1. Once amide H atoms are placed 1.01 Å from N in the peptide plane, what residues at a sequence separation of 5 or more from GLY99, or on another chain, have their amide H within under 5 Å of its amide H?
2. Work through the residues other than LYS308 whose Cβ is under 12 Å from its Cβ and net out their charges, Lys, Arg +1 and Asp, Glu -1.
3. Given points 7 Å out from each Cα along the Cα-Cβ axis, report the LYS92 to ARG125 separation in nanometres with one decimal.
4. Work through the residues other than ILE116 whose Cβ is under 14 Å from its Cβ and net out their charges, Lys, Arg +1 and Asp, Glu -1.
5. Between ASN85 and ASN175, what length in nm is gained on full extension when 0.36 nm per residue of separation is reduced by their alpha carbon distance?
6. Please sort 147-153, 204-210, 320-326 by packing, taking for each peptide the average over its residues of neighbouring beta carbons within 10 angstrom, highest first.
7. Mind checking the log10 I(q)/I(0) for the stretch 59-172 at q = 0.11, 0.17, 0.18, 0.20 Å⁻¹? Debye, one equal scatterer per Cα, no solvent, two decimals.
8. Take every Cα-Cα distance within the stretch 198-246, group them into 5 Å bins from 0 onward, and report for each bin the whole-number percent of pairs it holds.
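Coordinate-derived values only; no laboratory data. In this text, all values refer to a predicted model and were calculated from it rather than measured experimentally. Every residue, glycine among them, receives a Cβ derived from its backbone with ideal geometry; neighbour counts consider all protein chains shown.
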Amino acid sequence: MKCFHYFKDRTKSKEQRSAPILKCESKSDISAADRVSKSSCSATSERVAKSSGSTTSLRSVTELYEERAQNLRVFSFSELARATNNFNRLLKIGEGGFGSVYKGTIKPVGGKGDPIVVAIKKLNRDGFQGHKQWVAEVQFLGVVEHPNLVKLIGYCAVDGERGIQRLLVYEFMQNKSLEDHLFNRAYPALSWERRLQIVLEAAHGLAYLHEELEVQVIFRDFKASNVLLDEDFKPKLSDFGLAREGPTGEHTHVSTAVVGTYGYAAPDYIETGHLTAKSDVWSFGVVLYEILTGRRSLERDRPRPEQKLLDWVKQYPANSRKFGMIMDPRLGNQYSHSAAVAIARLADSCLVKSARDRPKMSEVVEKLKQIIHVSGELTSPDGSFKFVEDDPVDEKPPKKTGASESAKRRMAHLAKLGERVGGVSRRRFMIMQRQM
Ligand SMILES: Nc1ncnc2c1ncn2[C@@H]1O[C@H](COP(=O)(O)OP(=O)(O)OP(=O)(O)O)[C@@H](O)[C@H]1O
Ligand SMILES: [Mg+2]
């Protein structure tokens with residue numbers, strides 16, 4: 001799914017700051033300075049936040065970058081051309097809205113030791129916009145450090161006679177993206193446990209960006225294709241080209257041009273251009289529904305009422321008996337129904353209209369941990385799920401019934417569940433029935 005660039009009125013800052021000097025290879029001059037101006041309503045050279053009566057000085061990402069970026073390697077274009085066999089098509093592993101990604105091998109620092117396998121993103125040559133995204137990515141990834149964020153190894157910038165070249169070198173992620181594994185039938189279906197683990201860790205990554213850094217970072221492009229998976233299927237967020245610093249001090253939001261991806265961007269942000277961390281929370285809610293349903297947020301080739309995932313799932317609310325109908329058929333019965341309901345409820349809370357009523361990402365993390373904990377308790381050692389009675393459904397208020405009638409209803413309900421179970425799970429379900 002491609003990103004959109006929908007430009008609205010831009011609130012210009014009184015002072016425009018410069019991004020740090022990123023080493024740029026210009027013809028023969030590798031150290032030529034490269035500066036780009038940054039537009040942001042909150043950009044002042046030093047920002048001040050008032051917290052619990054005291055005044056704290058906050059440094060911007062630019063300042064943090066200057067302090068921490070020494071670890072990034074600066075590559076020459078020829079080094080990266082060599083690393084990818086001249087950007088050989090056979091080594092191309094992906095293509096996004098901003099450029100192509102190649103698998104390559106680079107020498108370790110100092111030139112000694114085994115070659116390192118990396119992913120190299122070569123940005124499209126679309127001038128200033130591409131350059132801006134490249135700068136954002138280098139700055140943000142140069143500053144952040146978290147097990148659930150992709151590691152940037154280095155970069156390359158060339159301003160030559162044939163235009164500008166901007167490249168990024170990342171750690172290589174063996175298992176492509178969550179998008180590939182959820183939607184591409186060429187891959188085996190992702191198990192329920194793995195889906196939950198992936199969203200939990202991705203939530204950790206977002207919570208770190210929003211709440212654990214000296215500056216708040218809003219990711220702005222959270223979606224399944226930006227959740228990369230390593231060899232153990234551990235997720236790492238990638239693509240910081242659209243990331244922005246969050247509001248500081250008295251500000252409640254950052255005013256920006258609206259950019260993001262259709263199907264994932266929060267409606268309030270699209271309408272107003274007011275960006276907050278809660279815009280990411282909305283996108284996270286969308287991905288929660290994607291892992292439940294195995295459907296993309298937008299699927300143009302489906303019948304009209306099913307094209308927009310969020311509209312479609314509204315017809316099967318978490319508290320209705322119909323809820324199970326939205327579940328990814330590739331999961332079979334290998335998931336906990338009550339955990340799925342809890343995930344849908346969590347997704348709904350991320351998708352409320354009013355941004356301020358959405359949970360913080362740290363709250364989302366806690367809720368996911370709880371759901372996984374309970375879901376784990378319901379999982380037997382062979383990986384199948386024990387069936388417990390569903391959460392109460394609120395379609396009709398329960399009639400007052402005697403004990404035997406209630407037992408009968410429960411039996412009928414379990415029998416209905418039994419129609420959906422197979423193999424070991426069915427046997428466990430039968431044992432539960434006998435014990436009643
Ligand atoms: N570090 C990496 N390691 C391995 N594969 C990667 C890496 N980074 C990207 N890829 C692959 O390249 C694909 C394209 O990534 P890219 O970020 O360019 O585009 P996208 O996320 O699909 O779309 P968009 O540009 O709209 O964000 C990814 O889906 C992934 O399969
Ligand atoms: Mg991407």
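1. Close amide H contacts, sequence-distant or interchain: ASN124.
2. Residues close to LYS308 contribute a combined charge of +3.
3. 1.6
4. Summing Lys/Arg as +1 and Asp/Glu as -1 gives +3.
5. On the way: separation 90, 0.36 × 90 = 32.40 nm, distance 2.20 nm.
Extra length available between ASN85 and ASN175 comes to 30.2 nm.
6. Details: 147-153: 20.6, 204-210: 23.1, 320-326: 15.1.
Highest-to-lowest ranking by the protection proxy: 204-210, 147-153, 320-326.
7. -0.35, -0.85, -0.96, -1.17
8. 5, 22, 30, 25, 12, 4, 1
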